[in-house]
Amino acid sequence: MKLQQLRYIWEVAHHDLNVSATAQSLYTSQPGISKQIRLLEDELGVEVFARSGKHLTRVTPAGERIITTAGEILRKCESIKQIAQEFSNEKKGTLSIATTHTQARYALPPVISNFIKQYPDVTLHMQQGTPLQIAEMAADGSADFAIATEGLELFGDLVMMPCYRWNRCVIVPKDHPLTKLPKLTLEALAEQPLVTYVFGFTGRSKLDEAFSHRGLTPKVVFTAVDADVIKTYVRLGLGVGIVAHMAVDEKLDDDLVALDASHLFESSVTKIGFRRGTFLRGFMCDFIEKFAPHLTRDVLAKAVQCHNKAEMDELFKNVELPLY
């Protein structure tokens, strides 16, 4: 059994069983990959992939468990490389971050700018996706860190730590009727056509819960993953926008009115997660602390020892998270 063979079955499984696409991504030949997979299957005495002619059709039950273990082995190998790199050149390497548009657009820019100044030889990669995709990227090792508000708790093999709290605001054109109210209410919002985030994005669940608890059904007429898109359609008169407060820029959005909605919706918590067992290089720890200053190296060391959500909650129960 060779490490290369484990890499091949892992990559094929994550390229939708497309050996040709896998070969291109690994800069090798399709026949070479097929041959090595066959040699591995012959050695193990089981098929990793079911076939129809020359085409792979699905992962076998045995293959699913083998590929899962192969992924764990490959991640351990990557950790060995990280350890070696930390001692050979502690300020050089790569860092991959998976996050949502809101984090990438509004929360991360100053952190990344500061980080690059301190670590000019570290290459940063940012990938955007849904919270579920983001968590999957961290869980399968295609990203070092996942930063999101929802979805991370679905993966038990991630170490997830709270970074900051944030809430929402309602954005409307100037002279909109809602601006005349002495205090914004859920009942008043429920009467308006709403433009907000897609369910599963940027704390959308907190919004739906608030209306549901009051027995109200919001009239959501348009959803998007991007706060800038939401603001565009508010400007077009499609409806009243509900976005993360951090997504409103006083200068760029001076044609809109932002109404505080923190009394209407429970605040949400943005978290950062990484797969359990990851070797955190020095610059990775520094990135986390720049993003969330309370997550010092001592706190990180304690967090990785937590085995479940209850223990993690206990660790942070007395921490006053900053409000973004």
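From the list Ala247, Ala292, Ala258, exactly one residue is in contact with a strand residue (DSSP E or B) (Cβ under 8 Å, 6 or more places away or on another chain), hydrophobic (A, V, I, L, M, F, W, C) and open to solvent by less than 40 Å² (accessible area, probe 1.4 Å). Which is it? Only one candidate passes the filter, namely Ala292. Checking each residue in the range 1-26 for being in contact with a strand residue (DSSP E or B) (Cβ under 9 Å, 6 or more places away or on another chain) and in a helix (DSSP H, G or I) picks out Ile9, Val12, Ala13, Val19. For the range 221-234, a tally of residues being without any contact (Cβ under 8 Å) to a residue 60 or more places away in the chain, open to solvent by less than 50 Å² (accessible area, probe 1.4 Å) and either of a type in the set (Ser, Thr, Tyr) or more than 21 Å from Pro131 (Cα to Cα) (or both) returns 0.
Taken over the range 296-318, the criterion of being touching a strand residue (DSSP E or B) at 6+ places or on another chain (Cβ under 6 Å) and either basic (Lys, Arg) or part of a helix (DSSP H, G or I) (or both) is satisfied by Ala303, Phe316.
Filtering the range 268-277 to residues that are open to solvent by 30 Å² or more (accessible area, probe 1.4 Å) and either assigned to a loop (DSSP other than H, G, I, E, B) or farther than 17 Å from Met137 by Cα (or both) leaves Val269, Arg276, Gly277. Counting only residues that are farther than 18 Å from Glu64 by Cα and either open to solvent by 50 Å² or more (accessible area, probe 1.4 Å) or assigned to a loop (DSSP other than H, G, I, E, B) (or both), the range 27-51 holds 6 of them. Note on the range 165-220: residues that are on the phi > 0 side of the Ramachandran plot and in contact with a strand residue (DSSP E or B) (Cβ under 8 Å, 6 or more places away or on another chain) total 2.
The values are calculated or read from the model by the stated rules, or taken from the named source; none is laboratory data. The shown structure was predicted, so the numbers you read here are calculated from the model rather than taken from an experiment. Neighbour counts are summed over all protein chains in view; Cβ atoms, including those assigned to glycine, are modelled from backbone coordinates with ideal geometry. In case anyone asks, the SASA skips ligands and DNA or RNA and just uses the protein heavy atoms, side chains included. Shrake-Rupley method; radii C 1.70, N 1.55, O 1.52, S 1.80 Å.
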